[in-house]
Amino acid sequence: MTITPQATVPHLLKDSDLTPARILRLLDLAADLKQHHRSGTERQELSGRAFALIFEKPSTRTRSAFEIAAYQQGGTSTYIDSHSSHLGDTESVADTAQVLSRLYDGIAYRGYQQSRAESLAAAAAVPVFNALTDRWHPTQALADLLTIREHSLRPLSASSVCFAGDGNDNVAASLLVSGASLGVDVRIAAPEPLWPDADTLREANERADAVGGRRPTVTTDLREATAGVDFIYTDVWVSMGEPEGIWGDRVHQLLPYRVDRAVMEGTGNPATKFLHCLPSIHDGSTRVGARIADEFELVGAEVSDDVFRSSRSLVFDQAENRMHTIKAVLVDAARRVRGIG
């Protein structure tokens, strides 16, 4: 017997899958779950449910967030990496999706190609959640928005965030689309070769127009993009899967977009906070950090250590919020499958 995928399965493959109402529901649910967990009054809604975590790319925060979110809600998870699966090698993506749909209540996929996440969802009869691909990182954007909402002095729809660096990476793309969906003033400061692609920017513009928000700003001028901004966000300059030899080009391209104390103070807003999805090259204590310091005489790449460790930095709040928002995604999907969400 073949399990037929249902059109109503609540997949989360890209940020455009999330309506503004669904984003707000997930943020409200995450905040509620977070409060109940901290007060010891959390009610488990995933008892007896199991989730497959297919991670072709390694992870600290995303893997931990999915595993702990399921556990705290009474569920369980199985971690499947590239060495413990036949996926794409001797077994097709569709066959894997069919098998896992018979054993699990949801599948998280983290890998190199967005197309593989889409193929899994097309064949799966259970929800598939994008835990990062080359194009999108929707669970990160949810954590970012929850963090912004918790720490902004303004309503979320009146808050502003500038992403500085590689404006065409998956984190920037998700921030653009999900942020614009809620009317957030999203700005990208990047060299032109690393601007968001036209389709992503078009989607963000349409979503901003739909809610009466400000269209995203994309510019090469970091000072212009950060003027008065509430949050400055950056990411590593070379992502997983990119060749390490690209570091020379990226340092040359992105050094003008490095976030240091002068950039933070240059906003003119004393309440500006710093965001980063992690991991970060902010000192010379890691293998990559030591290499950057030795080869380019640069201690810390995308952000200086004094900013990363400052009282303005919210990076560990973001990291914790990965778990609360992923928990909300799992619980919301379970409710929708049961027809009560």
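Tabulated data for the structure shown
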read-out: Which listed residue, of ALA319, ALA334, is assigned to a helix (DSSP H, G or I), closer than 17 Å to THR234 by Cβ, small (Gly, Ala, Ser) and touching a residue at least 60 places away in the same chain (Cβ under 8 Å); value: ALA319
read-out: Residues (under 21 Å from the mean Cα position of the chain (by Cα) and either outside any helix (DSSP H, G or I) or closer than 17 Å to ASP28 by Cβ (or both)) located in region 285-308; value: ALA301, GLU302, VAL303
read-out: Qualifying residue in region 60-70 (condition: in the same structural domain as ASP105 (by TED's automatic domain parsing), part of a strand (DSSP E or B) and at pLDDT 95 or above); value: no
read-out: Number of positions in region 224-253 that are without any contact (Cβ under 8 Å) to a residue 60 or more places away in the chain and either exposed (fewer than 12 other Cβ atoms within 10 Å of the Cβ) or touching an Asp or Glu at 6+ places or on another chain (Cβ under 9 Å) (or both); value: 8
read-out: Enumeration of residues in region 172-229 that are outside any helix (DSSP H, G or I) and either at pLDDT below 95 or of a type in the set (Val, Ile, Thr) (or both); value: VAL184, VAL186, ILE188, VAL211, THR217, VAL218, THR219, THR220, VAL229
read-out: Matching residues in region 94-143 - criterion: being touching a residue at least 12 places away in the same chain (Cβ under 8 Å), surrounded by fewer than 20 Cβ atoms within 10 Å (Cβ to Cβ) and of a type in the set (A, V, I, L, M, F, W, C); value: ALA94, LEU103, ALA122, ALA125
read-out: Complete set of residues in region 191-212 that are in contact with a Ser or Thr (Cβ under 7 Å, 6 or more places away or on another chain) and buried (at least 19 other Cβ atoms within 10 Å of the Cβ); value: GLU203, ARG207
read-out: Residue within region 35-44 that is touching a Lys or Arg at 6+ places or on another chain (Cβ under 6 Å), part of a loop (DSSP other than H, G, I, E, B), over 30 Å from GLU242 (Cβ atoms) and among the charged types (D, E, K, R) present; value: no
read-out: Lone qualifier among LEU53, LEU29 - being within 22 Å of HIS151 (Cβ to Cβ), under 23 Å from the mean Cα position of the chain (by Cα) and not β-branched (Val, Ile, Thr); value: LEU29
read-out: Tabulated pairs, region 275-291, first farther than 16 Å from SER310 by Cα, second among the hydrophobic types (A, V, I, L, M, F, W, C) and in a loop (DSSP other than H, G, I, E, B), C-beta under 6 angstrom, 6+ apart or interchain; value: GLY284/VAL299; VAL288/ILE281; GLY289/ILE281
read-out: Residue in region 293-326 that is surrounded by the most Cβ atoms within 10 Å (Cβ to Cβ), counting only those that are touching a Gly at 6+ places or on another chain (Cβ under 8 Å) and within 22 Å of ARG61 (Cβ to Cβ); value: ALA301
read-out: Among the candidates ASP81, ASP32, residue that is out of contact with any helix residue (DSSP H, G or I) (no Cβ under 9 Å at 6 or more places or on another chain), surrounded by fewer than 18 Cβ atoms within 10 Å (Cβ to Cβ) and of a type in the set (Asp, Glu); value: ASP81
read-out: Single condition PRO279 does not satisfy, out of (1) within 18 Å of the chain's Cα centre (by Cα); (2) surrounded by fewer than 21 Cβ atoms within 10 Å (Cβ to Cβ); (3) over 14 Å from THR234 (Cα atoms); value: (3)
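The values are calculated or read from the model by the stated rules, or taken from the named source; none is laboratory data. Just so you know, these numbers come straight off a predicted model, no measurement behind them. Please note: Cβ atoms are built from the backbone with ideal geometry, for glycine as well, and neighbour counts cover all protein chains shown.
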